[in-house]
Amino acid sequence: MSVIIDGKEISAKIQEEVKAEIKSCMIRPSVAVIQVGDNAASDTYIANKEKVCSAVGIYFRLYKFEDGTPELSIINKIKELNNDEYVNGIMIQLPLPEQYNEKRLLNTISNGKDVDGLTDINVGRFINGKKSLIPCTALAVMRILEEHNIELEGKNVVIVGRSKLVGHPLANLMLNKNATVTVCHHHTADLALHTKLADVLVVAAGSPGLIKADMVKDDAVVIDVGINRVDSKLVGDVDFDAVSKKASYITPVPGGVGPVTVAMLLQNILVCYNAKNSK
Ligand code: NAD
């Protein structure tokens with residue numbers, strides 16, 4: 001039977017750390033969120049971010065645009081926020097409706113305010129080992145492992161998913177910890193061949209129940225990043241009931257990586273705030 005990792009507990013701990021740091025801030029840190037169009041899942045994520053920001057003392061501003069708003073109007077708003085000295089962080093709630101150029105919009109955000117770590121400059125700096133903002137979900141997975149003293153040096157880490165938001169940055173963070181990293185994706189010929197070798201298996205595919213017990217090594221650490229709605233229930237990418245009988249540690253969905261991701265967003269907002277205010 002595995003240890004079920006409590007993401008809410010880790011998140012609460014990080015929130016307390018952030019709250020304590022904010023108490024010593026001269027000006028209240030603030031974040032601006034850009035939302036375009038109506039998407040029920042995005043509404044839930046944004047409401048959750050707002051709740052957590054308010055709880056620790058971060059000022060939260062939401063700029064909501066109707067689907068069909070000219071892209072230039074959104075670009076102009078981002079530029080205005082870039083120049084607003086009271087805004088420390090800016091994020092665009094993804095996914096955007098498909099007619100918008102996601103890359104162009106993300107790259108309009110000033111690098112020092114890019115709390116999601118998704119501008120080309122931040123991604124490039126990160127890959128080159130320079131100081132940068134790093135996507136919150138990748139940071140969350142690392143923090144979860146750290147909280148449980150799970151060593152990565154010399155371990156076989158298998159990451160399923162290679163998105164810019166999760167798998168890609170996470171692979172870099174794991175390499176920096178001297179793990180041997182395999183990244184699997186849609187074109188991987190035999191997924192189980194790789195997952196069975198993992199000491200640490202991270203799954204961020206967005207495919208419910210993708211990882212079955214026979215694809216996991218005994219006593220592996222299993223981190224399930226996936227969030228999928230199935231029959232109005234949230235489930236991960238891992239067959240939790242079966243895999244939890246085999247793994248040494250496992251994250252549940254909900255209550256695993258999700259709450260820690262939101263907490264890492266708070267940390268990234270503070271990184272932006274401190275970079276500006278320590279100049
Ligand atoms: P994405 O669609 O951008 O990327 C998915 C990746 O998984 C791709 O690289 C794809 O090749 C790979 N993949 C998909 N199905 C696969 C399969 N059957 N075999 C092998 N590889 C496969 O998604 P994303 O933004 O990285 O998100 C992934 C999942 O994580 C989603 O469920 C998303 O909701 C969730 N997510 C959770 C959090 C959190 O805080 N817990 C944060 C971000 C994303």
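The values are calculated or read from the model by the stated rules, or taken from the named source; none is laboratory data. Model, not experiment: these values are computed from the prediction. FYI the Cβ positions are ideal-geometry reconstructions off the backbone, even for glycines, and counts take in every protein chain you see. What goes into the accessible areas is simple: the full protein's heavy atoms, side chains included, and nothing from ligands, DNA or RNA. Shrake-Rupley method; radii C 1.70, N 1.55, O 1.52, S 1.80 Å.
A few notes on this one:
- Label-point separation in nm, Ser24 to Ile121, each point 7 Å along Cα→Cβ: 2.9
- Radius of gyration and Dmax over the Cα atoms of the chain, both given in Å: 18.8, 54
- Solvent exposure of His185, expressed as accessible area, is near 60 Å², computed with a probe of 1.4 Å over the protein chains only.
- Taking segment 13-53 and a reference point 7 angstrom along Cα→Cβ of Asn277, the backbone N atoms nearer than 18 Å belong to 15-32, 53.
- Note that the chain presents 49 Å² accessible area per residue, ligands and nucleic acids not counted, probe 1.4 Å.
- Phi to ³J(HN,Hα) by Karplus 6.51 cos²θ - 1.76 cosθ + 1.60 over segment 118-127, Hz, x for Gly, Pro: 10, 6, 4, 5, 5, 4, x, 5, 4, 4
- Distance (nanometres) between label positions extended 7 Å along Cα→Cβ at Lys164 and Asp84: 2.4
- For the pair Asn48 and Ala189 in one chain, pulling the backbone fully straight at 0.36 nm per residue adds 47.0 nm over the alpha carbon distance.
- Ligands, DNA and RNA excluded, the heavy atoms of Tyr86 present near 130 Å² of accessible surface to a 1.4 Å solvent probe.
- Relative contact order of segment 69-147: 22 percent, from C-alpha pairs under 8 Å at least 6 residues apart in sequence.
- Amide H to amide H, with H built 1.01 Å from N, Gly37 comes under 5 Å of Phe65, Glu66, Asp67, counting only residues 5 or more places away or on other chains.
- Across segment 9-14, coupling constants 3J(HN,Hα) worked out from phi with the 6.51/-1.76/1.60 Karplus curve, θ = phi - 60°, read 5, 5, 4, 4, 5, 5 Hz, and Gly and Pro carry x.
- Lys103, Lys77, ranked by accessible area, largest first (probe 1.4 Å): Lys103, Lys77
- The chain: relative contact order in percent, alpha carbon pairs under 8 Å with at least 6 residues between: 22
- If you run the Gaussian network model on the chain, springs between alpha carbon atoms under 10 Å, then out of Ala263, Ala20, Ala204 the most flexible one is Ala20.
- Compactness check for segment 94-143: Cα Rg over 2.2 N^0.38 Å is 1.20.
- Computed over segment 139-263, relative contact order equals 22 percent, with contacts defined as Cα pairs under 8 Å that lie 6+ residues apart.
- For Val160, the residues 5 or more places off, or on other chains, whose built amide H falls under 5 Å of its own are Cys184, Val202, Val203, Ala204.
- At R0 = 22 Å, FRET efficiency that the Cβ-Cβ distance of Asp219 and Asn178 yields, to 0.05: 0.60
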